[in-house]
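> The structure's right below; bear with me while I get my questions together.
The values are calculated or read from the model by the stated rules, or taken from the named source; none is laboratory data. Keep in mind that what you see is a predicted model, and the values were worked out from it rather than measured. Cβ sites come from the backbone with ideal geometry, for glycine too, and all protein chains shown count toward neighbours. When the accessible area is computed, the model is the full protein with side chains, heavy atoms only, and any ligands, DNA or RNA have been set aside. Shrake-Rupley method; radii C 1.70, N 1.55, O 1.52, S 1.80 Å.
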Amino acid sequence: MLQADKLHRTLSASVAVSGISLSLARGDVLGLLGLNGAGKSTTLKMLCGMLVPDSGSVTIDGHSMQEQPLEARARIGFLPDQPPVYDDMRVEEYLRLCGQIRGMKGQQLSDRQSEVIEQCSLTTVSRNLIGTLSKGYRQRVGLAQAIIHEPTVLLLDEPGNGLDPQQLDAMRELIRRYADEHAVVFSTHLLSEAQSTCNRVAVIHEGKLVADVLAQGEDLEALFHGAIS
Amino acid sequence: MIITIAKHQFLTLARSAQTWMIAAILALLFGYLFLQQLETFLNIQDQLSLQDYPVGLSGYMSVRYLQPLALAFTFVAPLFGMRAFSDEFSRHTYALWQSSPVSTAALVLGKFIGMSMVMLLLVLIAVGMLFIMISFAPIDLPIVFSAATGLALCACASMACGLFFSSMTRHNVVAIISSLALLVLLWLLGSASFGELPIQAISQLSIASHLSGFFQGYLQSADVAYFILMTLMFLGLTVVRLDSLRQNGY
């Protein structure tokens, strides 16, 4: 579903990402672990087409991000570290716009809009202005926009930001369910979050992929400290 | 897709208090200028009728009422464009467009069309005031049409300028100051006296020199082409700038 080969990217004259390769299949939930500034967000931005790699390639569901960017981006859902929400729009109006710009319309859009509002527990605030919502709700609206078009690959940059423990559990459950039919990559610096949600873990340190292992049965803390030392 | 983006941009502007404040100030200006020039015409119409080529009410109002509004539209239009992208950058919503299957050209065009709809409504209100006179004086429709075309083209070109500078920065104020500086320069080029060619040719870039014909009822292809090319140039530069963000990050 997702194939990234030898991604390399320099930002402000320093190497942000160097030689990262990733491959994801249906059902994979990959946690990108790393310290702040390790290159997790830059990697996600290259995977979703927001940033062009200096070298290397990204392929989503057989569509090259370099040669068929629109087709590739249509198969991606992305939640950046700050949810891309408009404060002056109502939740359902915003999700409708997000569906429309991903090519959805009519009954299909209305059905899917209701579905994600329910999945992301937004029913009670669906008519509220996004600007009036708490950080946790805004994060869930951001997650809803990322999945409204049922993308093949879901990319989440620190999705647990601003969520309380109950909301975190609900989000993990949502990610696990979503991964049954799709592939998910999310970045985090919380080992517990990766342990409870992922079936694969990749550690990025100073722009390089230093570990890519199955999460089950691994002592992530030992793995993480071993990888970055 | 372009229609969806245009609708979103139109609604964003319609929800903004700033848009309504600008519209209210413009409406006051329309009313004041219209009544002032109408009164002046009524006072001097006997003298005007003695001229070799007497000017009618439509022709008079076109030059004395609509032409000054072109200056107002030139400097107000970038206010609608200045937030189009800088707000998206500062509020981190641009990531939505960058990660969606929307081409940069469609995004720029959609936003431009959405903003143009607001501007064109204001132009229609300005021109529509002339039709109040229809009950007591005949309206010279070709002159009014020509003047309205001039206003609309000039406003669109200025708005495209604002849109471009908006794509250059995440600060609205920087965007508006930069676009106003360039537009002032383009106005002043016409009033500066240049000596010989090729410097003289620079004055041909002036907005003012390409506007006057519209208000006298001359719809010249060179003037129309000037504003269309200016609009397309700024829209093209905006696309190039936004595409470069994928290369350089923002």
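> For chain A, what's the relative contact order in percent, using C-alpha pairs closer than 8 Å and at least 6 residues apart? Can you show the working numbers first?
On the way: 450 pairs, mean separation 66.1, N = 229.
For chain A, the relative contact order is 29 percent.
> Right, something else. For the protein assembly as shown, what is the accessible area per residue in Å² when the probe is 1.4 Å? Could you put the intermediate results ahead of the total?
Working: 21070 Å² over 479 residues.
Ligands and nucleic acids excluded, the figure is 44 Å² per residue.
> Show that you can apply the helix-only estimate: for chain A, add -39,500 (n - 2.57) for every DSSP H stretch of four or more residues, divide by all residues, and state [θ] at 222 nm to the nearest 500. Display every interim value, and only then the final one.
On the way: 8 runs with 83 residues, N = 229.
Dividing the helical sum by the residues of chain A leaves -11000 deg cm²/dmol.
> I've got another one for you. Please report the carbon-and-sulfur percent of the accessible area for segment A:80-204; probe 1.4 Å, protein heavy atoms only, DNA, RNA and ligands left out.
45
> Within the accessible area of segment B:2-248, what % is carbon and sulfur when the probe is 1.4 Å and the other protein chains stay in place?
Using a 1.4 Å probe with all protein chains present, segment B:2-248 comes out at 71 percent carbon and sulfur.
> To the nearest hundred square angstrom, how large is the accessible surface buried between A and B, total for both chains, probe 1.4 angstrom? The partial results should precede the final answer.
Details: alone 10700 and 12660 Å², together 21070 Å².
Chains A and B together bury roughly 2300 Å² of accessible area.
> List the residue ranges in chain B for DSSP H helices whose C-alpha atoms run 18 angstrom or more along the long axis and whose Kyte-Doolittle average is -0.5 or above. Show your work: numbers first, answer last.
Working: long enough: B:2-15 (20 Å, 0.79); B:17-49 (45 Å, 0.87); B:67-81 (22 Å, 1.44); B:104-128 (35 Å, 2.24); B:141-166 (37 Å, 1.81); B:172-191 (29 Å, 2.23); B:221-248 (39 Å, 0.90).
Long hydrophobic helices here: B:2-15, B:17-49, B:67-81, B:104-128, B:141-166, B:172-191, B:221-248.
> Using the Cα centre of chain B as origin and beta-carbon charges of +1 (Lys, Arg) and -1 (Asp, Glu), tell me which of B:Ser99, B:Ile177, B:Ala23 is placed farthest towards the positive end of the dipole.
Looking along the dipole axis, the top candidate is B:Ser99.
> Roughly what angle does helix A:91-101 make with the longest principal axis of chain A, taking Cα atoms, 0 to 90 degrees, to the nearest 10?
With rounding to tens, the tilt is 60 degrees.
> Using protein chains only and a probe of 1.4 angstrom, how many square angstrom of A:His63 are accessible, to the nearest 10?
Its accessible surface works out to 40 Å², give or take rounding.
> Assign one of three labels to chain A, namely rounded, prolate or oblate, based on the Cα gyration tensor with a ≥ b ≥ c the square roots of its eigenvalues; rounded applies when a/c is under 1.5, prolate when it is not and a/b is larger than b/c, and oblate otherwise.
Here chain A falls in the prolate category.
> Right, here's the next one. Just A:Val15, A:Val91, A:Val58 to compare: in a GNM of chain A, with alpha carbon springs under 10 Å, which one fluctuates most?
Comparing A:Val15, A:Val91, A:Val58 in the GNM, the peak value goes to A:Val15.
> Let me ask another. One quarter of the convex hull surface, Cα atoms only: what value does that give for the protein assembly as shown in nm²?
Result: 27.7 nm².
> Assuming a strict under-18 Å limit between Cα atoms, what lysine pair count do you get for the protein assembly as shown once near-sequence pairs (fewer than 8 apart, same chain) are dropped?
7
> How compact and how long is chain B, expressed as Rg and Dmax of its alpha-carbon atoms in Å?
19.8, 67
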